[in-house]
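The values are calculated or read from the model by the stated rules, or taken from the named source; none is laboratory data. Just so you know, these numbers come straight off a predicted model, no measurement behind them. Methodologically, a virtual Cβ is constructed for each residue, glycine included, from the backbone with ideal geometry; neighbour enumeration extends over all protein chains shown.
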Amino acid sequence: MLPWRIIGKAILTGFAVLMANPTESHAFPEIQPPGGFKTVKLQFNQLKDVIMCSNAFNPKIKFSARTIDFGGDTPLNMVSVPKGSTVTARYDLGLLNEGLQYTTNYGFLGGFLSPDLTKWVNLSICFDAMNEVGLGVCSLEFNDSVGQYQTPKSADNENIDIFYVVAYLAGMCDSVGACKDLLANTNVTGAIASDIGLGSHIMVQDSSGACGIFEWFNGEVTFTDLAAIAVNVATNSPAINYQLKNLHMYSGVTNVNSNPAEDSNITPLGNGSGTTQVPADATPPSRFVRLYFNNKFADTSKTDFNSRFSIMANIIGKVNVVLGEVIEANIIKEWKGADYSQITFIRCHDPKLGYGYWAKSQFNDAWVGVQMTTGNNPFNANYNFDIKSVDNPVFTPATLA
């Protein structure tokens, strides 16, 4: 986890705006992302400084969810950005250079970190978003890309920093395919990431069931089609190619209780013996494995809203990091408890149910958020509230009442 003092430094400097289609077999399928695995240098030395966020998308129920994990008390607001908003992105830590300028095609709601939400366009970071046409976008810590983003072009208005990309995609795109097209022609820089030592990769999911992740290496953007290989999850560093290869270590995991060998009188100790290989620690590779199998084995046969919402909440809950579970030795003197799941987001990508976006804090069981209904589009409304506040307006849909 990046120390809060560094995030605070970045905020004070003033930078800007910135969920597996299960296979029927219990054996893990051979994984080969389209185009093959990209050879990259995995910077394992940076694993000690990760922000432990996780994201999963289940295309069968068309819901996704993620955690936002920080150390310290992180201020996070749910803010609506209406269609037609004008945004000026910047690409340097000091906000001295105006970058790409655009007007949003779609309204969206996002989880914004900000010291001054009255000027969110220029002072907030958007870590997560859901827009009015069913596209969900999330940023997950990924330090392997620090120093690997694209070089700024001479024309300022052609550059956008990685910390602006979530808001950019949510405001401009209606699908995963549109995100691919847009980023293929966008110069994503990383001055902020280099200065504070914190990079990101971007996971996207939409109403069609498409899902994938963008990562940057050697000045180029890469895209891994996660839906095509039925691994619709992501965590943090190391790179997705490592995470996918690592899954092969767990090819024997099953949701069916194991049976003793014919020549053995040793029997399993209770139910759940098929998943004894699944790691329980909070490291990114272990959370990736755990989240993959939770997402794969989840019973998605019930199609009503309440069931889908609850299933997604339980899937992401398996990687929730409890306050006090992870303490970093190098910052233990600065605060008690570090790196925990402060906020959980759930997104509904099914237009038949109504696109929706909800959040809750680890210390408040009330979900707050919005959902589209006939004649009501909250993504173009004017919302700005502290997700952690006990005084939140609770926008609970009728289906959850």
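Regarding Phe293, is this residue of a type outside the set (Lys, Arg), at pLDDT 95 or above and out of contact with any Pro (no Cβ under 7 Å at 6 or more places or on another chain)? In short, yes.
Inclusion of Thr118 among residues that are in a loop (DSSP other than H, G, I, E, B), modelled with pLDDT under 90 and among the hydroxyl-bearing types (Ser, Thr, Tyr) is not warranted.
Report, by residue number, each residue of the stretch 270-296 that is within 18 Å of Ser258 (Cα to Cα) and in contact with a helix residue (DSSP H, G or I) (Cβ under 8 Å, 6 or more places away or on another chain). Scanning the stretch 270-296 gives Thr275, Gln277, Val278, Pro279, Phe293, Asn294. The residue pairs whose first member lies in the stretch 251-280 and is on the phi > 0 side of the Ramachandran plot, whose second member is at pLDDT 85 or above and surrounded by 14 or more Cβ atoms within 10 Å (Cβ to Cβ), and whose beta carbons are closer than 9 Å, counting only pairs six or more residues apart or on different chains, are Gly272/Asn255.
Taken over the stretch 209-232, the criterion of being of a type in the set (S, T, N, Q) and assigned to a loop (DSSP other than H, G, I, E, B) is satisfied by Asn218, Asn232. Checked against (1) modelled with pLDDT of 90 or more; (2) hydrophobic (A, V, I, L, M, F, W, C); (3) not in a strand (DSSP E or B), Cys138 passes all but condition (3). Exactly one residue out of Asn265, Asn257 is in contact with a Pro (Cβ under 7 Å, 6 or more places away or on another chain) and assigned to a loop (DSSP other than H, G, I, E, B): that is Asn257. Residues in the stretch 176-185: is at least one touching a helix residue (DSSP H, G or I) at 6+ places or on another chain (Cβ under 8 Å), β-branched (Val, Ile, Thr) and within 18 Å of Thr222 (Cα to Cα)? No, there is no match, as no residue in the stretch 176-185 is touching a helix residue (DSSP H, G or I) at 6+ places or on another chain (Cβ under 8 Å), β-branched (Val, Ile, Thr) and within 18 Å of Thr222 (Cα to Cα). Within the stretch 143-192, which residues are of a type in the set (D, E, K, R) and either at pLDDT 95 or above or buried (at least 21 other Cβ atoms within 10 Å of the Cβ) (or both)? Listed by number, the residues that qualify are Asp144, Asp161, Asp174, Lys180, Asp181.
Residues that are modelled with pLDDT of 95 or more, surrounded by 15 or more Cβ atoms within 10 Å (Cβ to Cβ) and hydroxyl-bearing (Ser, Thr, Tyr) occur in the stretch 209-224; there is at least one. For Lys83, the requirement of being at pLDDT 80 or above and in contact with a His (Cβ under 6 Å, 6 or more places away or on another chain) is not met.
Taken as a whole, the structure leaves Ile202 outside the set of residues that are touching a strand residue (DSSP E or B) at 6+ places or on another chain (Cβ under 6 Å), on the phi < 0 side of the Ramachandran plot and part of a helix (DSSP H, G or I). Name every residue in the stretch 60-75 that is assigned to a loop (DSSP other than H, G, I, E, B) and either polar (S, T, N, Q) or more than 23 Å from Met172 (Cβ to Cβ) (or both), in order of residue number. Across the stretch 60-75, the qualifying residues are Lys60, Ile61, Gly71, Gly72, Asp73, Thr74, Pro75.
Go through the stretch 141-187 and give me each residue that's basic (Lys, Arg) and assigned to a loop (DSSP other than H, G, I, E, B). Matches in the stretch 141-187: Lys153 only. For beta carbons closer than 6 Å, sequence separation of 6+ or different chains, a first residue in the stretch 210-226 that is over 16 Å from Gly199 (Cβ atoms) and a second that is of a type in the set (D, E, K, R) and part of a strand (DSSP E or B), the qualifying pairs are Gly212/Asp225.
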